[in-house]
Amino acid sequence: MHDPDAKAPGGWWHWVVLNIPASADGLKAAAGGGDFSTAPTGTVEGTTSFGKPGYGGPCPPVGSGVHHYIFTLYALDVAQLPGASKATTGPALTELLSKHLLGEATLVGLFSRP
């Protein structure tokens with residue numbers, strides 16, 4: 001989950017999840033809340049802009065306007081992304097994906113705090 005509207009250079013990465021198997025039909029609700037053991041086998045959480053793995057929900061600064069929270073699922077030509085690990089950050093993931101990308105699906109949520 002990426003917030004491109006955040007003031008940080010390159011936006012803010014709220015959640016980075018790698019190597020979800022093609023056979024997976026979803027992630028359990030608790031997956032991002034610290035119980036990543038419920039995730040499909042082989043799935044890895046990368047490092048967010050918070051400096052650690054795990055989901056960090058939207059919380060834009062008051063008065064900063066509407067922020068776009070982008071969830072993107074990528075289809076790859078490999079089962080495991082070469083070079084990806086728990087240390088992989090959002091920007092690094094984007095670079096690793098470029099060599100293996102077959103397609104993508106995106107969902108955008110909007111949130112603001114007046």
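The values are calculated or read from the model by the stated rules, or taken from the named source; none is laboratory data. Because the structure is predicted, anything quoted here is derived from the model rather than measured. As a convention, Cβ positions derive from the backbone with ideal geometry for all residues, glycine included, and neighbour counts pool all protein chains shown.
Looking at Gly83, Gly54, Gly11, Gly46, can you tell me which residue is small (Gly, Ala, Ser) and on the phi < 0 side of the Ramachandran plot? Result: Gly46 is the single residue among Gly83, Gly54, Gly11, Gly46 that is small (Gly, Ala, Ser) and on the phi < 0 side of the Ramachandran plot.
Loosely packed, with under 13 Cβ neighbours inside 10 Å, in contact with a Phe, Trp or Tyr (Cβ under 8 Å, 6 or more places away or on another chain), of a type in the set (A, V, I, L, M, F, W, C) and closer than 19 Å to Asp3 by Cβ - does that describe any residue in region 100-107? Within region 100-107, one or more residues are loosely packed, with under 13 Cβ neighbours inside 10 Å, in contact with a Phe, Trp or Tyr (Cβ under 8 Å, 6 or more places away or on another chain), of a type in the set (A, V, I, L, M, F, W, C) and closer than 19 Å to Asp3 by Cβ. Being at pLDDT below 90, surrounded by 11 or more Cβ atoms within 10 Å (Cβ to Cβ) and within 14 Å of the chain's Cα centre (by Cα) is a description that applies to Gly32.
Only one residue in Lys28, Lys99, Lys52 is under 30 Å from Pro114 (Cα atoms) and either in contact with a helix residue (DSSP H, G or I) (Cβ under 9 Å, 6 or more places away or on another chain) or outside any helix (DSSP H, G or I) (or both). Which one? When all the criteria are applied, what remains is Lys52. Kindly indicate which of Gly103, Gly109, Gly90, Gly83 is small (Gly, Ala, Ser) and under 19 Å from Thr41 (Cα atoms). Exactly one of Gly103, Gly109, Gly90, Gly83 is small (Gly, Ala, Ser) and under 19 Å from Thr41 (Cα atoms), namely Gly83. When region 55-82 is filtered for residues that are small (Gly, Ala, Ser) and not in a strand (DSSP E or B), the ones remaining, listed by number, are Gly56, Gly57, Gly63, Ser64, Gly65, Ala79. Only a single criterion out of (1) at pLDDT 90 or above; (2) surrounded by 13 or more Cβ atoms within 10 Å (Cβ to Cβ); (3) closer than 18 Å to Ala8 by Cβ is not satisfied by Thr94, namely (1). The set of residues in region 53-111 being among the polar types (S, T, N, Q) and touching a residue at least 40 places away in the same chain (Cβ under 8 Å) consists of Ser64, Thr72, Gln80, Ser85, Thr88, Thr89. Beta carbons closer than 8 Å, at least 6 apart along the sequence or on distinct chains, pair a first residue in region 5-30 that is hydroxyl-bearing (Ser, Thr, Tyr) with a second that is surrounded by 10 or more Cβ atoms within 10 Å (Cβ to Cβ) for Ser23/Pro40.
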